[in-house]
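Taking it in order: structure first as structure tokens, then the write-up.
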Amino acid sequence: MPELPEVETVRRTLNDLITGKQIEHVTVRLPRIIQRPDDIQAFAHMLAGHSVETVERRGKFLRFVFDGLVMVSHLRMEGRYGVYREGEPLDKHTHVIFHFTDGTELRYTDVRQFGTMHLFQPGEDLLLKPLNKLGQEPLDADFTLERFKQIVSKRSTKIKPLLLNQEYIVGIGNIYVDESLHRAGIHPEEAANSLSEDHLARLHHAIVATLTEAVNAGGSSVKSYVNGQGESGNYQDQHRIYGRKDQPCATCGTLIEKSVVGGRGTHYCPSCQPVPVQIR
């Protein structure tokens with residue numbers, strides 16, 4: 001958390017809130033958030049005077065595009081951005097403040113302190129860590145069924161860990177993998193290369209449909225996630241499987257089970273998603 005739908009929602013709200021604003025100065029209260037450059041004074045100096053052109057997304061990362069710089073930000077588990085008026089009370093977990101010339105501030109807060117920020121010259125951000133090894137965007141037009149088959153069909157790993165691997169497909173975390181697999185009727189431990197043509201088509205459709213619905217609902221607020229305006233998402237109210245252990249499956253009524261697959265807590269319906277032959 002947050003996953004693609006939540007990061008996309010943050011991106012959209014921040015675009016509405018900060019596009020066109022000029023940075024007057026930057027305050028860094030927790031140096032380890034800043035990963036590039038390794039000097040926080042250089043980070044602040046480089047950003048001063050630059051204006052926000054747009055906010056983009058790559059996988060689970062935000063790309064703040066300035067006039068002449070790009071900042072890549074990873075929210076990790078608890079990171080969040082909010083826009084405030086100068087002088088408003090400061091949350092104790094606020095670690096970076098971007099002070100704008102119009103008297104507003106973009107504040108980054110992070111209870112767990114796992115988030116990161118990298119500053120690049122335009123274009124080099126896509127060639128260097130942390131973005132350089134990211135895979136296919138699942139909501140882009142070129143995420144076709146044929147492209148999906150190329151990614152999945154020749155790999156023998158279990159399908160859930162494969163979908164969680166950001167070098168293959170980006171942005172799909174634990175929530176949306178569980179939701180997509182249930183929607184497609186595929187067990188999370190099914191070997192990727194054993195999936196039939198029908199299952200591949202159903203899974204491709206399920207991934208796109210699930211992520212699209214989640215984005216339209218503002219993401220899932222299952223812990224502390226809020227968007228750039230402090231609003232919670234609503235997609236958790238539409239979860240078919242995630243977080244519903246021992247509750248009846250909405251499709252068949254069978255009680256939902258939870259196990260561990262690839263080191264991640266995994267929800268599935270034993271009726272709708274039968275155990276694959278290779279692990280029976």
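The values are calculated or read from the model by the stated rules, or taken from the named source; none is laboratory data. Keep in mind it's a predicted model, so treat the numbers as computed, not measured. Positions of Cβ are generated from backbone atoms using ideal geometry, with glycine treated the same way; all protein chains shown enter the neighbour counts.
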Segment 26-71, residues that are hydrophobic (A, V, I, L, M, F, W, C) and within 22 Å of the chain's Cα centre (by Cα): Ile33, Ile34, Val52, Val55, Phe61, Leu62, Phe64, Val65, Phe66, Val70, Met71
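Results for (1) of a type in the set (A, V, I, L, M, F, W, C); (2) closer than 30 Å to Ala250 by Cβ; (3) in contact (Cβ under 8 Å) with a residue 60 or more places away in the chain; (4) surrounded by 18 or more Cβ atoms within 10 Å (Cβ to Cβ), shown as yes or no for each residue.
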position	(1), (2), (3), (4)
Tyr108	no, no, yes, yes
Leu119	yes, no, yes, yes
Asp125	no, no, yes, yes
Ala141	yes, no, no, no
Lys160	no, yes, yes, yes
Asp178	no, yes, yes, yes
His182	no, yes, yes, yes
Filter result for Gly219 (surrounded by fewer than 22 Cβ atoms within 10 Å (Cβ to Cβ), at pLDDT below 95 and either assigned by TED's automatic domain parsing to the domain that holds Val260 or closer than 29 Å to Arg11 by Cα (or both)): no
Any hit, segment 16-34, residues being in the same structural domain as Leu119 (by TED's automatic domain parsing), without any contact (Cβ under 8 Å) to a residue 24 or more places away in the chain and in contact with a Pro (Cβ under 9 Å, 6 or more places away or on another chain): no
Filter pass, Tyr176 being part of a helix (DSSP H, G or I), within 19 Å of the chain's Cα centre (by Cα) and hydroxyl-bearing (Ser, Thr, Tyr): yes
Residue in segment 197-216 that is at pLDDT 85 or above, more than 19 Å from the chain's Cα centre (by Cα) and exposed (fewer than 14 other Cβ atoms within 10 Å of the Cβ) present: yes
Considering residues of segment 230-242 that are surrounded by 14 or more Cβ atoms within 10 Å (Cβ to Cβ) and either more than 18 Å from the chain's Cα centre (by Cα) or not in a loop (DSSP other than H, G, I, E, B) (or both) only, the residue modelled with the lowest pLDDT: Gln236
Tally of residues being farther than 22 Å from Thr212 by Cβ and either of a type in the set (Lys, Arg) or assigned to a loop (DSSP other than H, G, I, E, B) (or both) across segment 243-266: 12
Checklist (1) assigned to a strand (DSSP E or B); (2) free of Cβ contacts under 8 Å to residues at least 12 places away in the same chain applied to His95, failing item: (2)
Hits in segment 53-69 (condition: surrounded by fewer than 16 Cβ atoms within 10 Å (Cβ to Cβ), of a type in the set (D, E, K, R) and out of contact with any Phe, Trp or Tyr (no Cβ under 9 Å at 6 or more places or on another chain)): Asp67
